[in-house]
1. When you scan segment 1-54, how many residues do you find that are closer than 17 Å to V191 by Cα and among the polar types (S, T, N, Q)?
2. Condition check: over 17 Å from the mean Cα position of the chain (by Cα), surrounded by 16 or more Cβ atoms within 10 Å (Cβ to Cβ) and within 27 Å of T35 (Cα to Cα). Does E160 satisfy that?
3. Would you check if G60 is part of a strand (DSSP E or B) and away from the ligand (no atom under 12 Å from the Cβ)?
4. Quick check, is A179 open to solvent by 40 Å² or more (accessible area, probe 1.4 Å), at pLDDT below 95 and within 16 Å of the chain's Cα centre (by Cα)?
5. Restricting attention to segment 9-50, which residues are crowded, with 24+ Cβ neighbours inside 10 Å and over 18 Å from the mean Cα position of the chain (by Cα)?
6. Would you check which residues across segment 192-216 are within 16 Å of the ligand (Cβ to nearest atom) and among the small types (G, A, S) and list them?
7. Please count how many residues of segment 91-141 are part of a helix (DSSP H, G or I) and closer than 17 Å to Y151 by Cβ.
8. In segment 193-237, how many residues are among the β-branched types (V, I, T) and either open to solvent by 30 Å² or more (accessible area, probe 1.4 Å) or touching a Lys or Arg at 6+ places or on another chain (Cβ under 8 Å) (or both)?
Amino acid sequence: MIRMLTIDALTHSYPGGHTAVDDLSLAVEAGELVTVVGPSGCGKSTLLRCIAGLQRPTGGRVLLNGDEIRDVPDSLAMVFQSYGRSLLPWLSVRDNVALVLRHRYGSRRERRAAALEALAEVGLADAAAKHPGQLSGGMQQRVAIARALAYGPKLLLMDEPFGSVDAQTREDLEDLLLALRARTPVTVVLVTHDIDESVYLGDRVVVLTGAPGRVLAELPVGLPADRDQIKTRQDPEFVRLRAEVGRLVREK
Ligand code: ADP
């Protein structure tokens with residue numbers, strides 16, 4: 001196994017002295033999908049922003065392939081909960097995706113072709129010419145995922161990515177993520193406060209303590225890679241893990 005990400009005694013205090021993350025250590029292997037679960041306000045987003053290089057740790061270090069992250073790494077993409085704010089409403093869906101590819105491809109034609117390909121991957125080829133406002137929330141989040149993947153990231157950070165869609169769409173997007181991830185060698189760190197989601201998606205579930213966040217437990221998910229919304233959720237291993245994660249989250 002190749003270590004991709006090392007979080008070494010990460011601490012982040014905001015100006016004014018509020019410590020959001022305290023002495024948090026975690027390692028992520030290349031190709032893993034790690035879910036991070038913990039109560040609201042325990043520092044999950046702060047952790048992701050430190051990994052993304054959007055915030056500097058006030059203590060400890062974050063290493064990507066052995067190098068300390070000091071800026072937003074080139075090999076990284078991020079998907080946020082609020083798809084509405086992450087897409088540019090005045091651009092077509094295709095141009096929203098093509099926008100992030102301007103450093104990858106020389107010509108506009110190449111960028112638009114790559115954007116179309118990424119949209120096809122998430123089942124949205126037919127919506128390419130539409131504007132985000134013409135799409136449902138779930139479709140907009142698919143565009144955000146297509147945009148992140150079109151960029152060809154080695155590391156994908158997802159911050160409550162399915163938190164603002166209805167339950168059925170959420171399940172569809174969870175399965176889309178698993179399908180995309182099976183086709184590409186991307187490493188994923190996904191933050192959620194949804195215990196079932198953390199188990200359903202994860203190769204490993206990392207449970208954080210209440211604020212300030214530290215790692216309370218790491219649980220390997222012994223479920224087959226090929227997950228199914230109905231069968232997997234009935235699997236005794238799923239039932240056992242969700243109870244265990246639930247107990248840990250409550251214990252903090
Ligand atoms: P989570 O994602 O687990 O809900 P956050 O990382 O968003 O947690 O926040 C952790 C704590 O840090 C919260 O108490 C929050 O109020 C605080 N916090 C988050 N962002 C800022 C900021 N920019 N300035 C000051 N405090 C912040």
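1. The qualifying residues number 6.
2. Here the answer is no, as E160 does not meet what is asked.
3. Yes.
4. yes
5. Answer for segment 9-50, where residues must be crowded, with 24+ Cβ neighbours inside 10 Å and over 18 Å from the mean Cα position of the chain (by Cα): L10, V21, L24.
6. Answer for segment 192-216, where residues must be within 16 Å of the ligand (Cβ to nearest atom) and among the small types (G, A, S): S198, G210, A211, G213.
7. 21
8. Counting residues in segment 193-237 that are among the β-branched types (V, I, T) and either open to solvent by 30 Å² or more (accessible area, probe 1.4 Å) or touching a Lys or Arg at 6+ places or on another chain (Cβ under 8 Å) (or both) gives 6.
The values are calculated or read from the model by the stated rules, or taken from the named source; none is laboratory data. Bear in mind the structure is a predicted one, so any value in this text is a computation, not a measurement. With ideal geometry, Cβ positions are generated from the backbone for all residues, glycine too; neighbour counts draw on all protein chains shown. Just so you know, the surface numbers come from the protein's heavy atoms only, side chains and all, with ligands and any DNA or RNA stripped out. Shrake-Rupley method; radii C 1.70, N 1.55, O 1.52, S 1.80 Å.
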